[in-house]
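The values are calculated or read from the model by the stated rules, or taken from the named source; none is laboratory data. Predicted model, so just to flag it, every value in this text is computed and none were measured. No Cβ is skipped: glycine too gets one built from the backbone with ideal geometry, and neighbour counts run over all protein chains shown.
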Amino acid sequence: MTTESWSVAAPQTIEVGGATTLTVRLTNGRAEIVADPNRTSGAVVEVLEVSTRPLQILAEHGNLRVAYDFPGLEGFVDRFRGLKDQDSAVVRITVPATSVVDVATVGAEVVVTGAQAGVNVKTAGGAITVTGTTGSVTTKSGTGAVSIAEHSGDASATTVSGAVSLAGALGRVSVQTVSGAVDVTAVGTTPLVNAKTVSGAAAVQLDAGAPVNLRARSVTGKVVIDGAQATSSAQRTVVVDHAEPGAAAYISTNTVSGTATITRG
């Protein structure tokens, strides 16, 4: 297949022949990825802003890469931590909905809409917003908030201090934070949720009447089910094992000082 490459030093729009996978690597700025269900092939890269160093775009064997020129992902955050102004860009990339999306940034905001073939986003300080996706979504952020909405399938989110919000027809959900709050809303499904925080509160919203099996642990926090505080089975640590007949939803929460809240309806 034909290899095409561009070195972009000023705002412009580039048409690309094909994109089954998309890789984006930025330091600061913003990356917006639109996965279009009406697009069966080809991609459009709109470079809206670019800093002093040219942004590199490479299309090869169905792989589209939009990035600053550096060798691989290893050491990405450490390498570019000091290049806040030099490697900054604002891009909007439209690809087929079946394209696999892989994004890594230091502080750039990331927005992904409509992807159906898997999303992987990592950022040290940028906010992550994922909307209207299907399949598997994996996100990792340091201080930036993570929002995954209207999602159908499995989802994983890890932050240090950023808040995490997940909503949709969820399957397996894994959330881990230090101080960020966790908010999970499952619509029309009975998910498996595993939420771990140190000081952040964890809230899980299920459909009305959905039976649930819950195992919750907290050192100084509390566990609330449908507005009522659950009784702990341990004296020094709050431990709640709550099982209901026919439950397909399995909720596990583990916090130090945060409150775990399960609500139905």
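How do the pairs read when you match residues in region 205-222 that are surrounded by 14 or more Cβ atoms within 10 Å (Cβ to Cβ) with residues anywhere that are part of a strand (DSSP E or B) and among the aromatic types (Phe, Trp, Tyr), using Cβ under 9 Å and keeping only pairs 6 or more apart or on different chains?
Final answer for the pair search is 212/250; 213/250; 214/250; 215/250.
Give all pairs with beta carbons closer than 9 Å in which a residue from region 33-62 that is under 24 Å from residue 137 (Cβ atoms) meets a residue that is among the hydrophobic types (A, V, I, L, M, F, W, C) and surrounded by fewer than 16 Cβ atoms within 10 Å (Cβ to Cβ); count only pairs at least 6 apart in sequence or on separate chains.
From residues that are under 24 Å from residue 137 (Cβ atoms), the pairs are 62/1.
Does residue 24 satisfy the condition of being crowded, with 20+ Cβ neighbours inside 10 Å, modelled with pLDDT of 95 or more and under 23 Å from the mean Cα position of the chain (by Cα)?
Against the criterion (crowded, with 20+ Cβ neighbours inside 10 Å, modelled with pLDDT of 95 or more and under 23 Å from the mean Cα position of the chain (by Cα)), residue 24 qualifies.
From 149, 210, 167, 163, which residue is more than 29 Å from residue 25 (Cα to Cα), outside the structural domain of residue 23 (by TED's automatic domain parsing) and either modelled with pLDDT under 95 or under 12 Å from the mean Cα position of the chain (by Cα) (or both)?
210
List pairs: first in region 8-19 and assigned by TED's automatic domain parsing to the domain that holds residue 55, second surrounded by fewer than 13 Cβ atoms within 10 Å (Cβ to Cβ) and not aliphatic (A, V, I, L, M), Cβ under 8 Å, 6+ apart or cross-chain?
17/2
Looking at region 240-265, which of its residues are hydrophobic (A, V, I, L, M, F, W, C) and either assigned to a loop (DSSP other than H, G, I, E, B) or surrounded by fewer than 16 Cβ atoms within 10 Å (Cβ to Cβ) (or both)?
243, 247, 248, 256 - these are the residues of region 240-265 that are hydrophobic (A, V, I, L, M, F, W, C) and either assigned to a loop (DSSP other than H, G, I, E, B) or surrounded by fewer than 16 Cβ atoms within 10 Å (Cβ to Cβ) (or both).
Across region 1-22, what is the total count of residues that are in contact with a Ser or Thr (Cβ under 8 Å, 6 or more places away or on another chain) and assigned to a strand (DSSP E or B)? Spell out the reasoning first.
Restricting attention to region 1-22, the residues satisfying the condition of being in contact with a Ser or Thr (Cβ under 8 Å, 6 or more places away or on another chain) are 17-22.
Subset that is assigned to a strand (DSSP E or B): 21-22.
Of the residues in region 1-22, 2 are in contact with a Ser or Thr (Cβ under 8 Å, 6 or more places away or on another chain) and assigned to a strand (DSSP E or B).
Identify, please: which residue in region 29-62 is part of a loop (DSSP other than H, G, I, E, B) and under 16 Å from residue 98 (Cα atoms) and is, among those, nearest to the chain's Cα centre (by Cα)?
Checked region 29-62; the qualifying residue nearest to the chain's Cα centre (by Cα) is 37.
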